[in-house]
Amino acid sequence: MKGIILAGGSGTRLHPLTSVRSKQLLPIFDKPLIYHPLTTLISLGLNDILIISNPNQINDFKFLLGDGLNFGINLSYEIQERPNGIAEALIIGESFLGNDKCALILGDNIFISDKLNSSQITDFKSGAKIFTIAVNDPERYGVVKIIENKVMDIVEKPNEFISNSAVTGLYFYDSEVSSICKTLSPSERNELEITDLNKVYLKNESLEVFQLEDNDVWMDAGTFGSLLDAGNYISALQKRAGRLYGSPELAAYNQGFLTKKHIKDLIKNSPKNSYYCLLEKIII
């Protein structure tokens, strides 16, 4: 399985912060936001990852992340010319994916969960898998309609309550996904909607829903408030537990993609700030 991070869009909800900087490069306490979805994919055991962004910002990601060598992985890059929908990422990434399965994650999503590990990848065989979590404001999200423990529909921002199971920004797809995306029609806002893609798999009875639990954390850091909340939350967690959250280097070390020597060399050549000091304390 390969991974895709969609880090495009114009970040209109975060203007003027995003006037000159991608949303996914804004800080979540001591790390850029994109470190979090990158960490999630690495924690899942993926080491071949494509980052998709817009033409004006793709070079910023290349400058920050490079070819992935510092994380023990391979990073590739593609451009999404216009924000034509999440599902378009799977068409843009078609050559990168080849005949492999795919984990797609949105670049502004933060997950903290012990349930997301390599077994999720090895257990996934075909079809699609979406990850949901209970929320108290389901009208803001795409939600899964469930009747007698069976998924019946996915409804985008429902006006009436049908469930509180919100669809998060992490999706697994089989090798047919790029071909399926090409059959989708643009929505009223002229985008290829990820909900429409998931509905195809649902219609084919090949959609699996994995419900994250109450003690799992999912944050969509796409607004001023959620960006601030995410930074404060990560700061509090790290101070309290003495752990790093959203660290691709640590995730790569735990997966065996980086050795202790690699980490030591990385720290030696990095600024002596709190992030790398904590990384050093944990690893060494």
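Here, each number is a calculation from the coordinates, and none is a lab measurement. The model shown is predicted, which means the values in this text are computed figures rather than measured ones. FYI the Cβ positions are ideal-geometry reconstructions off the backbone, even for glycines, and counts take in every protein chain you see.
Data overview
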| item | result |
| --- | --- |
| 17 Å Cα-Cα reach of K157 towards aspartates and glutamates, excluding residues that sit fewer than 8 places from it in its own chain | D137, E139, E188, E191, E193, D196, D220 |
| Length-normalised contact order for the chain - Cα pairs under 8 Å, 6+ apart - percent | 24 percent |
| Rounded, prolate or oblate (a/c below 1.5 giving rounded, otherwise prolate when a/b exceeds b/c) for region 191-278 by Cα gyration tensor | prolate |
| Rounded D (µm²/s) - region 1-132, Kirkwood Rh over Cα pairs, Stokes-Einstein at 4 °C, 1.567 mPa s | 85 µm²/s |
| Dipole axis of the chain (+1 Lys, Arg; -1 Asp, Glu on Cβ), positive-most option in N74, G127, A236 | A236 |
| Those GluC sites (Glu not before Pro) in region 45-145 that DSSP places in a loop and that have at most 12 other beta carbons within 10 Å | E81 |
| Candidate lysines - alpha carbon under 20 Å from K2, same-chain residues fewer than 8 apart omitted | K62, K101, K115, K125, K129, K182 |
| Gained length - R82 relative to V20, 0.36 nm times residue gap less alpha-carbon distance | 20.7 nm |
| For region 31-102, average projected area of the Cα convex hull in nm² | 5.1 nm² |
| Rounded FRET efficiency, nearest 0.05, which uses the C-beta distance separating T183 from K145 and R0 of 25 Å | 0.60 |
| Theoretical FRET efficiency, 1/(1+(r/R0)^6), r = Cβ-Cβ of S274 and S226, R0 22 Å, to 0.05 | 0.45 |
